[in-house]
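Engineer: Take this structure, written in structure tokens, and hold onto it; I'll ask about it next.
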Amino acid sequence: MRYFFHIGYHGTRYSGWQKHPGVVNVQEVIETCLSKLLKTPVEVSGCGRTDAQVHASQFFFHADMEKEWDFDMLFRLNKLLPDDIAVFDIIPMTGLPHARFDAIQRSYDYFIHINKDPFLGGFSSFYDEQHLDLNKMAAAVKLLPLYNDYRAFCKMPDRIDHTICNVSQAALYINKTGDRLRFQISANRFLSKMVRIIVGRLLEIGTGKMSVDQFEYHLISKQTPEIIIPAYPQGLYLSKVTYPYLDLPSASAFATIMTHADWAEVK
């Protein structure tokens, strides 16, 4: 029987989702806990990868179980997992749907605060930039759905089959007090560090180091720049994963607060 697990995690102390030897990662922690509960080795397949220190307010993985368990798996698994990983739902699936390959859309949110705040440090990226040109940043954001080859926003494009990403939505928001920004983007797929690279370029536009035309040139030319500096990881959240057969809201109360704050889109 295949099950989808709907989870969320705070990524600060992890080297991403993906299992790698010698580093702490979310996948291995979950596999270890499931194997302990079921008393048999369990492997899981995630809906994608996240970079080190990046969060997921919504994430799915699937696992195949030979037998149905006779205990409260949701309660026991959450009790065993560390506080920075939570399981929201365990969903029995018909057939063999795939958590990664069946996803039709993913959304990311990136949060920035421009006034230093010790309580936002692990949840948002601090950039001490008091005079960002938000209108130019928003103009660049509006260009993103018009192009679909993001080779110039990928650090190592030659290591993957292709760099085509169909961006369906992108927007820049500011809060009521003007000291926090939110960048939101949705697409069918994302390249490694793509969102953080885009945010890094937007900040360059906001500070006058890059023009909107130069930003668009990267999209048109499809040439990878010699120097790419991604934005900090801690402001980035994988916030929504959608399937043809499964479309759930985020179950994280904190994520709901973060995304439903008093945001106004920068036009």
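The values are calculated or read from the model by the stated rules, or taken from the named source; none is laboratory data. These figures come from a predicted structure and were not determined experimentally. As a convention, Cβ positions derive from the backbone with ideal geometry for all residues, glycine included, and neighbour counts pool all protein chains shown. These area figures cover heavy atoms from the full protein model, side chains too; ligands, DNA and RNA do not enter into them. Shrake-Rupley method; radii C 1.70, N 1.55, O 1.52, S 1.80 Å.
Engineer: Give, in nm to one decimal, the length gained when the segment between F119 and I91 is fully stretched (0.36 nm per residue of separation minus the Cα-Cα distance).
Structural biologist: Extra length from F119 to I91 when fully extended: 6.7 nm.
Engineer: Separate question: Which Cα, out of H98, L219, H10, lies furthest along the positive dipole direction of the chain (beta carbon charges, K/R +1, D/E -1)?
Structural biologist: So the residue we want is L219.
Engineer: Among the listed pairs K36/K67; K36/K79; K240/K267; K193/K240, give every one whose C-alpha distance is greater than 19 Å.
Structural biologist: Over 19 Å apart, Cα to Cα: K240/K267.
Engineer: Could you compute the net charge surrounding T177? Neighbours are other residues with a C-beta less than 14 Å from the C-beta of T177; K and R count +1, D and E count -1.
Structural biologist: Within the 14 Å Cβ shell, the charges total 0.
Engineer: Whole Å is fine, so just give me how far the alpha carbon centre of region 102-180 lies from that of region 22-61.
Structural biologist: Each part reduced to its Cα centre gives a spacing of 26 Å.
Engineer: Additional query: Do me a favour and compute the ellipsoid semi-axes for the chain from its Cα gyration tensor, root of five times each eigenvalue, largest one first, whole Å.
Structural biologist: One finds semi-axes of 34, 20, 16 Å for the chain.
Engineer: Please find, in a Gaussian network model of the chain (springs between Cα atoms separated by less than 10 Å), the residue of R182, R76, R196 whose mean-square fluctuation is greatest.
Structural biologist: Judging by the Gaussian network model, the answer is R76.
Engineer: P230: net charge of surrounding residues, Cβ under 11 Å, Lys/Arg +1, Asp/Glu -1, itself excluded?
Structural biologist: Taking every other residue near P230 into account, the sum is +3.
Engineer: Which residue, P92, P118, P225, tops the fluctuation ranking in a GNM of the chain built on C-alpha contacts under 10 Å?
Structural biologist: P118
Engineer: So, one more: Work out how much length T32 to K142 would gain on full extension: take 0.36 nm times their residue separation and subtract the Cα-Cα distance, in nm to one decimal.
Structural biologist: Computed gain between T32 and K142 is 35.3 nm.
Engineer: Another question about this same structure. In terms of Cα to Cα distance under 14 Å, which aspartates and glutamates are near enough to K155, apart from those fewer than 8 places away along the same chain?
Structural biologist: Within reach: D51, E226.
Engineer: Here's another thing I want to ask about it. On a 0 to 90 degree scale, rounded to 10, what angle separates helix 212-221 from the longest Cα axis of the chain?
Structural biologist: That works out to roughly 60 degrees.
Engineer: Can you sort S57, S192, S221 by 1.4 Å-probe accessible area, starting with the largest?
Structural biologist: Ranked from most to least accessible, the order is S192, S221, S57.
Engineer: Pop a pseudo-label 7 angstrom from the Cα along the beta-carbon direction at both D179 and N78 and give the gap in nm to one decimal.
Structural biologist: 3.4
Engineer: Further question on the same structure: Let me have the 222 nm mean residue ellipticity of the chain computed from DSSP H runs of 4+ only, each contributing -39500 (n - 2.57), with the sum over all residues rounded to the nearest 500.
Structural biologist: So the calculated ellipticity at 222 nm is -6500 deg cm²/dmol.
Engineer: Full extension from D161 to F101: what is 0.36 nm times the residue separation minus their Cα-Cα distance, to one decimal in nm?
Structural biologist: Gain on extension, D161 to F101, equals 20.1 nm.
Engineer: Next question, about the same structure. For the chain, modelled as a Gaussian network with Cα springs under 10 Å, which listed residue fluctuates most, F101, F190, F111?
Structural biologist: Taking springs between Cα atoms under 10 Å, the residue moving most is F101.
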